[in-house]
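K.L.:
Submitted below is the structure of interest, expressed as structure tokens.
The values are calculated or read from the model by the stated rules, or taken from the named source; none is laboratory data. Quantities reported herein were computed from a predicted structural model and do not represent experimental measurements. Methodologically, a virtual Cβ is constructed for each residue, glycine included, from the backbone with ideal geometry; neighbour enumeration extends over all protein chains shown. Accessible surface areas use protein heavy atoms only, side chains included; no ligands, DNA or RNA. Shrake-Rupley method; radii C 1.70, N 1.55, O 1.52, S 1.80 Å.
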Amino acid sequence: MTESTYRIQGATGEWEVVIGLEVHAQITTNAKLFSGAATAFGAEPNTQVSLVDAAMPGMLPVPNRECIRQAVRTGMAIEAQINRWSRFDRKNYFYADLPQGYQISQLYHPIVGEGQIEIVLDEKNPDTSTKVIGVERIHVEQDAGKLMHDQHPTSSYVDLNRSGVALMEIVSKPDMRSPAEAGAYLAKLRTILRYVGSCDGNMDQGSMRADVNVSVRKPGEAFGTRTETKNVNSVRFVMAVVEHEANRQVDVLEAGGKIVQETRLYDPDRGETRSMRSKEDAHDYRYFPDPDLLPIELDEAFLAECRASLPELPDAKRKRYEQALGLSAYNAATLTADADTARWFELLVTQSAAAQKKSESDVAKAAANWLLSDLYGALNRLGKSLEESPVSPSQAAELLALVADGTLSGSLAKQVFEIMLETGDAPAKIVEDRGMKQTSDTGAIEAAVAKVLADNGDKVAQYKGGKEALFGFFVGQTMKAMQGKANPQVVNELVKKGLAG
């Protein structure tokens, strides 16, 4: 386990930062937590609101079983305690986008108890730079609506589409000690949620956001007073909040001031936080058990079904890639950091093995290198995501097979790949239509080599005089003469033979 050395240098010495995150993750379901209203992103305001969501008199909440199931599966994925008995509470506060005047949440008896998430702090050394971050609990609650301040010059409008949407609040322990650790934790949590399928992790759409708790202390002393910066919607912004807020608190303390426990907001344009309101304690919300909802009791059959439905998780997949497929630790970590990337890679490996009639371990390294280098390089250049790739895993497997059987050289394969990106055609069709097949015809290559050596007699003399670096020049000229279609191995052998003659 790696210990953080991150410190803030103040006038009175070093300060240590203490960080905890409360992550709100929208549960992947078609209906809300207590009603059948839809949850799709981007709908017209107030078009996905049931009578329950609008808190009409006499409307009673009914728990959505799938929301409970997804929360339990998430808890299992982080090796957390699953509480067979849990309860919903009412958290009372007035806000214009909260029609009931209270939020149905869980405080005293959450559905998921303590768990843990292992983070990696150095991607190039994923096995030696890990740290375990404790998770205090996961509870299920309903979201509030959304105030819209830019629709009218003097009034604010309310959109209740999000009202009642199911959230998991995933509360970490104050175990993080640097902006990098906070960023790594949030990224790892998002990866796990996407693997499990319990949240899409789209922070830009608001389906995952973090409240960032920050305090500072002299190393080894008791925890200081913390502030909470609300609704931070990217990994990069979370790291920026930690850095700014920690430095702000150090400045306040070293000037003789006190840190006030408060809620703050982050302004990404200015890169700073600002005060929003004083931080409430639990008793301020007058929590009490929701009288309209029975406690949730989970039986063994339900838990067994949840456990059986879990996919292979990122840490297990990374280890399998290293041990069974022979990938480097870095490549394995990179490929498993995103669920979509891992799925794409596994399709590529399966289809490559079938196309080349080899085992998956025999083709995995070449497939990983091509995906992380060639394909990602092209997608970055085109401004596309992997989901938008013009080349499918089956087409990529066909291309790699043509390289493996000698039909294409490495340079020809790159040319074919560029044409695939432009046209969407299969590689075999491109090779056939454009006559791009690599040749191993020794007669044609010998003739090209002989001409290159004859045309560059001075360089041949220099080579024989000890300037062996010129060997690459002769190979390159031969490949150019063959329009890149010659088998490089054959070219090397024949150039060597020609220079020895």
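K.L.:
log₁₀ I(q)/I(0) of the range 151-238 at q = 0.18, 0.20, 0.22 Å⁻¹, via Debye over equal Cα point scatterers, no solvent, to two decimals?
P.N.:
Summing over Cα pairs of the range 151-238 leads to -0.91, -1.03, -1.16.
K.L.:
Expressed as a whole percent, how much of the Cα-Cα distance distribution for the range 201-255 exceeds 18 Å?
P.N.:
Roughly 39 percent, once rounded to a whole number.
K.L.:
Let me ask you something else. Return the FRET efficiency for the residue pair Arg286, Glu360: r is the Cβ-Cβ distance, R0 is 60 Å, and the value is rounded to the nearest 0.05.
P.N.:
So the FRET efficiency works out to roughly 0.55.
K.L.:
Along each of its three principal axes, how wide is the spread of alpha-carbon positions in the range 46-203, in whole angstrom units, largest first?
P.N.:
Projected onto its principal axes, the Cα set of the range 46-203 covers 56, 43, 25 Å.
K.L.:
Please sort 24-30, 12-18 by packing, taking for each peptide the average over its residues of neighbouring beta carbons within 10 angstrom, highest first.
P.N.:
Values: 24-30: 20.3, 12-18: 16.4.
The peptides rank, most packed first, as 24-30, 12-18.
K.L.:
Would you mind giving the average projected area, over all directions, of the Cα convex hull of the range 394-465 in nm² with one decimal?
P.N.:
Its Cα hull, projected and averaged over all orientations, spans 6.4 nm².
K.L.:
Here's another thing I want to ask about it. What full-extension length gain, to one decimal in nm, is calculated for Ala43 and Lys173 as 0.36 nm per residue of separation minus the Cα-Cα distance?
P.N.:
Extra length from Ala43 to Lys173 when fully extended: 43.2 nm.
K.L.:
Roughly how many Å is it from the Cα centre of the range 313-379 to that of the range 115-142, as a whole number?
P.N.:
Using only Cα atoms to place each centre, the spacing works out to 23 Å.
K.L.:
Right, next: Tell me the Kirkwood hydrodynamic radius of the range 345-456 in angstroms, computed as one over the mean inverse distance between distinct C-alpha pairs.
P.N.:
15.2 Å
K.L.:
Sticking with this structure for a sec: Could you sort the peptides 246-258, 149-161, 226-238 by per-residue average Cβ neighbour count (10 Å cutoff), highest mean leading?
P.N.:
My ranking of the peptides, most packed first, is 226-238, 246-258, 149-161.
K.L.:
Report the equivalent ellipsoid semi-axes for the range 1-126 in whole Å, largest first, defined as the square roots of five times the eigenvalues of the gyration tensor built from alpha carbon atoms.
P.N.:
Semi-axes, largest first: 37, 20, 17 Å.
K.L.:
With a probe of 1.4 Å, find how much accessible area the range 329-368 has per residue, and write the answer as a whole number in Å².
P.N.:
Per residue, the range 329-368 has an accessible area of 44 Å².
K.L.:
Non-local amide H neighbours of Phe288 (under 5 Å, H modeled in plane, Pro and chain starts lacking H): which ones?
P.N.:
Arg90
K.L.:
Moving on to the next point. Could you work out the relative contact order of the chain? I mean the mean sequence separation of Cα pairs under 8 Å and 6+ apart, divided by the number of residues, in percent.
P.N.:
14 percent
K.L.:
To the nearest 20 Debye, how big is the dipole of the range 218-313 about its Cα centre, given +1 on the beta carbon of each Lys and Arg and -1 on that of each Asp and Glu?
P.N.:
Numbers: 13 positive and 20 negative charges, 130 e Å.
With Lys and Arg at +1 and Asp and Glu at -1, about 620 debye.
K.L.:
Assign one of three labels to the range 133-281, namely rounded, prolate or oblate, based on the Cα gyration tensor with a ≥ b ≥ c the square roots of its eigenvalues; rounded applies when a/c is under 1.5, prolate when it is not and a/b is larger than b/c, and oblate otherwise.
P.N.:
Oblate, since a/c reaches 1.5 and b/c is not below a/b.
K.L.:
If you take all C-alpha pairs in the range 262-421, what percent of them are over 20 Å apart?
P.N.:
Values: 8354 of 12720 pairs.
Cα-Cα pairs of the range 262-421 separated by over 20 Å account for 66 percent.
K.L.:
Now, a different point. How high is the FRET efficiency from Leu303 to Gln489, r the C-beta distance, R0 51 Å, rounded to 0.05?
P.N.:
0.30
K.L.:
For the chain, give the share of DSSP beta bridges that are antiparallel, in percent and rounded to the nearest 5; count only bridges with both residues there.
P.N.:
95 percent
K.L.:
Can you give me the Rg/Rh ratio for the range 58-99, using Cα atoms for both radii and the Kirkwood formula for Rh?
P.N.:
Expressed as Rg/Rh, it is 1.08.
K.L.:
Turning to a different aspect of this structure: Of the listed pairs Lys188/Lys317; Lys451/Lys496; Lys358/Lys480, which have alpha-carbon separations greater than 22 Å here?
P.N.:
From the list (Lys188/Lys317; Lys451/Lys496; Lys358/Lys480), the Cα-Cα distance tops 22 Å for Lys358/Lys480.
K.L.:
Still on this structure: Work out the charge dipole of the chain with +1 on the Cβ of Lys and Arg and -1 on the Cβ of Asp and Glu about the Cα centre, then indicate which of Ala240, Leu98, Val495 is farthest towards its positive end.
P.N.:
Final value for the positive-end residue is Val495.
K.L.:
Would you please put 292-303, 418-429, 388-399 in order of how densely packed they are, using the mean number of other Cβ atoms within 10 angstrom per residue and starting with the highest?
P.N.:
388-399, 418-429, 292-303
K.L.:
Follow-up question, since we're still on this one. From the C-alpha gyration tensor of the range 112-196, pull out the three semi-axes of the equivalent ellipsoid (sqrt of 5λ each), sorted largest to smallest, in whole Å. All intermediate terms of the calculation are to be shown ahead of the outcome.
P.N.:
On the way: eigenvalues 242, 54, 26 Å².
In descending order the semi-axes read 35, 16, 11 Å.
K.L.:
Sticking with this structure for a sec: Based on the alpha carbon coordinates of the chain, what radius of gyration and maximum Cα-Cα distance (Dmax) apply, in Å?
P.N.:
Cα radius of gyration and Dmax of the chain are 29.8, 99 Å respectively.
K.L.:
So for the range 177-293, averaging the separation of alpha carbon pairs under 8 Å that are six or more residues apart and normalising by length, what relative contact order in percent results?
P.N.:
21 percent
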